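First the structure, in the form of C-alpha cells, and then the observations on it.
The values are calculated or read from the model by the stated rules, or taken from the named source; none is laboratory data. Since the structure is predicted, the reported quantities are computational estimates derived from the model, not experimental observations. As a convention, Cβ positions derive from the backbone with ideal geometry for all residues, glycine included, and neighbour counts pool all protein chains shown. We work out accessible area using only protein heavy atoms, side chains counted, and drop any ligands, DNA or RNA first. Shrake-Rupley method; radii C 1.70, N 1.55, O 1.52, S 1.80 Å.
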Amino acid sequence: MRRVAVLGATGSIGASALDVIARHPGRLHASVLVAGRNVEALADLCARFRPEHAAIANPACFGALRDALRARGLATQAHAGDDAIDALAAGDACDTVVAAIVGAAGLSSTLAAVRAGKRIALANKESLVMAGELVMAAARASDACIVPVDSEHNAIFQCLPAQGDRGARDVSGLRRLVLTASGGPFRGRTRESLREVTPEQAIAHPRWSMGPKISVDSASLMNKGLEVIEAHHLFGVAADRIDVLVHPQSLVHSLVEFVDGSTLAQLGLPDMRTALAVGLGWPDRIESGVGGLDLVAQGGRLDFEPPDLEAFPCLRLAFAALRAGGDAPAVLNAANEAAVEAFLARRVGFLDIASLVESALAARGGEAGDLDALRRADARAREHVADAIARAA
Ligand code: NAD
Ligand code: MG
C-alpha cells in the first residue's frame, strides 16, 4: 500500500490526485492532507479520506482545524504551520508526496520530501524554478524518485528511456525537448490589445481547469517559461535544446526528438489525472478515470504554431533568466508571483506583470549559492515589485 501525503489537497491538483487515489483503495491511501488556510474544506476531505494526519499552513488555524476534525468524529491528528508540514512530508506517515502547494511556498516541503528520499509526484514547478540545482542534488543524494506531474514534463518522462529505477531519465540520445503550450486565452492577440484584460478573462483557460495563479501564468506564457526552467533541471538539458511550440488543442503534451531524427510524443485528453496516475503508479499503469483519446471526435486535427514573444514577453524573460543563472530564476519566479497576486487583486494591469518581472530582474543582486541566498533573492524581488507598484500608484 502506497501511503500518500497530498500537499495542497484543497486545490485543483489536490482534487485530481484524491480522485485517482479514491479509485485504488487497495493500493493507495491518503495518509496526510495539507492545505493553506481553508479549514472547512480540509476537514471535509478528511471526513472522506480518513487520513492519519491533517495540517493547515496558517498556525492561527490550528484550533479551528482540531475542532472541525473533532466535530466530524474523526481520529485524524491536527497540525499547523510550515515546520509541521515539512515534518509530515519527511516523516513516517507517508512514502509518497504529491507536491501541489502553489508557488514558492511549496519549496520547503518539496525539499523536505526529497531529502527524506520519498517518491515525489511533483506539481509544484516553482520549487524547481527557484532552487532546481539544490532540489535535484538533494534527490541524487537521498535517492528520492521525482516523477513530474506537470503534464509536459510527465509527457517527456514517459517518452525518455529510464536511467536506473529511481525516476531519472537517459538523455544520451536526445537532440531536443519540445514543450507544447496551449497559448492560453489570449492566443493570437497583439500586445496592445491585452492592456485592459481582466483577471476573469485571464483565468478563463480554453483547455485546462486550474488554480488562479497558474491560469494567469498560462495567459501570459510565464507558465511555459517556468516549465522551460523546470525541464532544464528535471532532465539536465540546456536552454538552447528546449523549444516551445504552441498547440491549441492541448492533446500532444510534449515531444522528445532524438539524434536519429525520431520524435516521440505523449498524447491524451487535457486532464491532470493521467499525469497524477503516472506519478502515483509508476512504473505500473493504473486507472485514472480519464477516457481514451478519440482524435476524430476531438476535431480531427492537431495545429502547431511558434509562440509570439512580442505579445508574450514573459517567455523571453524566463529563457533569459535561465541563461543568466545565479539568482535570476528565483527572482523571476518571486517577482512573477507578486505581480500576479497584484493583477488578481486589480492593483496592476496584465501588461504590468512582464514589466514588473523585467524590472526585478534588472535590479537583482546576482548571487545564488545556498538556500538562504535564494530565499533572500526571493524576498528582495517581492519587495522590489511592491515598491514599484506603490511608486506607480
Ligand atoms: P490551487 O490554487 O488550485 O491550489 C493550491 C493549493 O495549495 C491549495 O490546496 C492551497 O490551500 C495550498 N496552499 C496555498 N498556499 C499554501 C501554503 N503556504 N502552505 C500550504 N498549502 C498552501 O493551485 P493548483 O492549480 O492546484 O496548482 C498547484 C501547483 O501545481 C502549482 O505549483 C502549479 O503550478 C502546479 N500545476 C498545476 C496544474 C493544474 O492543472 N492545476 C498543472 C501543472 C502544474
Ligand atoms: Mg504544464
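General remarks:
- Among the conditions (1) within 14 Å of ligand 1 (Cβ to nearest atom); (2) closer than 24 Å to D95 by Cβ; (3) of a type in the set (A, V, I, L, M); (4) out of contact with any Leu (no Cβ under 6 Å at 6 or more places or on another chain), A35 misses just one, which is (4).
- Those residues of the range 16-58 which are without any contact (Cβ under 8 Å) to a residue 60 or more places away in the chain and open to solvent by less than 10 Å² (accessible area, probe 1.4 Å), in sequence order: L18, A30, L33, A35, L42, A43, C46, P51, A54, A55, I56
- Residue identified as of a type in the set (S, T, Y) and either more than 16 Å from ligand 2 (Cβ to nearest atom) or within 19 Å of M272 (Cα to Cα) (or both) among S220, S193: S193
Listed here are the residues, each with its yes/no results for (1) under 21 Å from the mean Cα position of the chain (by Cα); (2) within 13 Å of ligand 2 (Cβ to nearest atom).
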{"site": "G225", "(1), (2)": "yes, yes"}
{"site": "D271", "(1), (2)": "yes, yes"}
{"site": "A277", "(1), (2)": "yes, no"}
{"site": "W282", "(1), (2)": "yes, no"}
{"site": "E287", "(1), (2)": "no, no"}
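- Any chance A379 is closer than 11 Å to A338 by Cβ, in contact with a helix residue (DSSP H, G or I) (Cβ under 9 Å, 6 or more places away or on another chain) and among the small types (G, A, S): yes
- Strands (runs of 3 or more DSSP E) within the range 49-123 that include 1 or more residues charged (D, E, K, R) and more than 14 Å from ligand 1 (Cβ to nearest atom): 119-122
- Condition check for R187: within 28 Å of L371 (Cα to Cα) and surrounded by fewer than 21 Cβ atoms within 10 Å (Cβ to Cβ): no
Yes or no, residue by residue, for (1) assigned by TED's automatic domain parsing to the domain that holds A324; (2) open to solvent by 50 Å² or more (accessible area, probe 1.4 Å); (3) among the hydrophobic types (A, V, I, L, M, F, W, C); (4) under 21 Å from R189 (Cβ atoms):
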| site | (1), (2), (3), (4) |
| --- | --- |
| G225 | yes, no, no, yes |
| I229 | yes, no, yes, no |
| E257 | no, no, no, no |
| L264 | no, yes, yes, no |
| L269 | no, no, yes, no |
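- Of all residues in the range 170-205, those being at pLDDT 95 or above, assigned to a loop (DSSP other than H, G, I, E, B) and not β-branched (V, I, T) number 14.
- Meets criteria (more than 14 Å from ligand 1 (Cβ to nearest atom) and among the hydrophobic types (A, V, I, L, M, F, W, C)) for F157: no
- Annotation note: Cβ proximity below 6 Å between a residue of the range 162-186 that is on the phi > 0 side of the Ramachandran plot and a residue that is surrounded by 15 or more Cβ atoms within 10 Å (Cβ to Cβ) and part of a loop (DSSP other than H, G, I, E, B) (sequence gap 6+ or interchain) occurs for G183/P248.
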